[in-house]
1. State the Kirkwood hydrodynamic radius of the stretch A:317-400 in Å, one decimal place, computed from all pairs of distinct Cα atoms.
2. Could you give the distance between the Cα centres of the stretch A:169-221 and the stretch A:260-326, to the whole Å?
3. What does the helix-only formula give at 222 nm for the protein assembly as shown: each DSSP H stretch with n ≥ 4 adding -39500 (n - 2.57), the total divided by the residues, and the result rounded to the nearest 500 deg cm²/dmol?
4. Taking chain A as a Gaussian network, Cα atoms linked when under 10 Å apart, which of A:Thr288, A:Thr193, A:Thr66 shows the biggest mean-square fluctuation?
5. Working with all protein chains in place, sort A:Arg400, A:Arg67 by solvent-accessible area computed with a 1.4 Å probe, largest first.
6. Can you give the convex hull volume of the alpha carbon atoms of the protein assembly as shown per residue, in Å³?
7. Using alpha carbon centroids, what distance separates the stretch A:73-130 and the stretch A:332-348, in Å?
8. In a Gaussian network model over chain A where Cα atoms closer than 10 Å are linked, find which of A:Pro335, A:Pro14, A:Pro119 has the largest mean-square fluctuation.
Amino acid sequence: MKRSNDGDPSSRTPEGAIYLDNAATSWPKPPEVVAAMREFQETSAANPGRSGHRMSIQAARVVYETRQAVADLLGAKDPLRVIFGLNITDGLNLALHGLLKSGDHVITSSMEHNSVMRPLRELVRKGVEMTQVTCAPDGTLEPKMVEREVKPNTRMIVLNHASNVCGTLLPIQEVARIARNNGLLFLVDAAQTAGVLPVDMLDDHIDLLGFTGHKSLYGPMGNGGLLVGERVDPGELHPMRQGGTGSRSEHEEQPDFFPDCYESGTPNAIGLSGLLAALSWLGERGVTNIRAHEEALCAELLDGLAHIRGVEVYGTRDAKKQTATVAFNIRGMEPSTVGLRLDEQHGVLCRVGLHCAPSAHRTLGTFPYGCVRFGLGVFNTFDDVQDALKAVHQLAREER
Amino acid sequence: MSYAVILVDSTSHAVRIEKLLAPTDIVCKLIPVPRHLSSDCGVCIRIDQDDMERIRQLLDQSNAPFRSIEVI
């Protein structure tokens, strides 16, 4: 892989295109990630926790180390309460379907991704009551609006930490206090923030935290899950599926302990070996340093877009109040056209449309057409931002 | 040498205890659970019988979950 001067992998594809779709999945990955996966496959890729031989035990060690590394990064006390699944959608489904039952009331925001909204809509059909608090047109949320909706049957508040569409940060610490004061469970979707902003389950009073391995944790796809805090009783969190766990094999009933209760079937151990290497890389690079770089890139992108006639930017337009994910439109052009022309004519790879978040787009006023989204990552450079700005500028000028 | 084993619910729990013992001078090894102790297909942690009490104290202090310690 081509590497830039300071040793980082290049954010350009072999054909020279600029990758600006990190909010969907980060690319490239640290080279250590791919190396670790290759080594795991070649030396240790037996079925973890299923057999007693040395290779199986070594695979189980790697899975456990990854649990520990995720717990350490996200401030979870007990690594056994880190539940691995396919991705964060898996984790959020477990939290929502596993805990909410008919008659319960749940509060969420109007900025959520479909990974929260679709399970909630399904639960509403099954008798769960839901209140969606409307966010401001820049995606921000007034915590008092959440408190106002608490009812006697409210069981949970679920919020994303940052919007996947425009990057706007939601006030999770303030809402955590509201949840705590009212005896409610607090579920946070940290898909867009884990690894780039400090998230600490214990300090932030988060009861359930959904995370994904392949975005700002810089691991491979196919990993993610749910961290379950001490206030959640495993007896009340029902598993989404049952099956083999390598434990209590003499019983046909599902085990009732963490993490086996929620992890039936062979895990993506090779992916977890990559995630472990990614977390080690992340620890060396430092979340604060990653954030500082992305914030500076984001500020430059926001500033550049603000100076292009015919471009409308959505969200806070303040790099300090959002992740490095920027949503915009070019007046008079459909986002899908912008996306195609950015790709084909300018070699800029981004995501356009509704970003699996129709409710967020309604809040921002961009439904049903959607918008263009640039998702910056740690390996992007100021040159990437300037080249992308030139491309947007040219498209906007052609449109006038 | 006389051995004992720490029985645990899952391999995750076994690895956790292995990690707990790693910084000490206690020697341990993850092995398949002897059939006469459990019909489970999982692993357990084999230890020296002389270390049993020290290990019991360490486990109690750390809150690491385990089922029992059995002499084999």
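1. 13.4
2. If we compute the Cα centre of each part, the gap is 14 Å.
3. Rounded to the nearest 500, it is -11500 deg cm²/dmol.
4. Per the Cα network of chain A with a 10 Å cutoff, A:Thr288 tops the list.
5. I get A:Arg400, A:Arg67, largest accessible area first.
6. Working: hull volume 68.1 nm³, N = 472.
Given the Cα convex hull of the protein assembly as shown, per-residue volume reads 144 Å³.
7. Cα centroid of the stretch A:73-130 versus Cα centroid of the stretch A:332-348: 35 Å apart.
8. Ranking A:Pro335, A:Pro14, A:Pro119 by mean-square fluctuation puts A:Pro14 first.
The values are calculated or read from the model by the stated rules, or taken from the named source; none is laboratory data. None of the values given here were measured: they were computed from a predicted structure. Cβ sites come from the backbone with ideal geometry, for glycine too, and all protein chains shown count toward neighbours. Accessible surface is based on the protein model in full, side chains and every heavy atom, while ligands, DNA and RNA are left aside. Shrake-Rupley method; radii C 1.70, N 1.55, O 1.52, S 1.80 Å.
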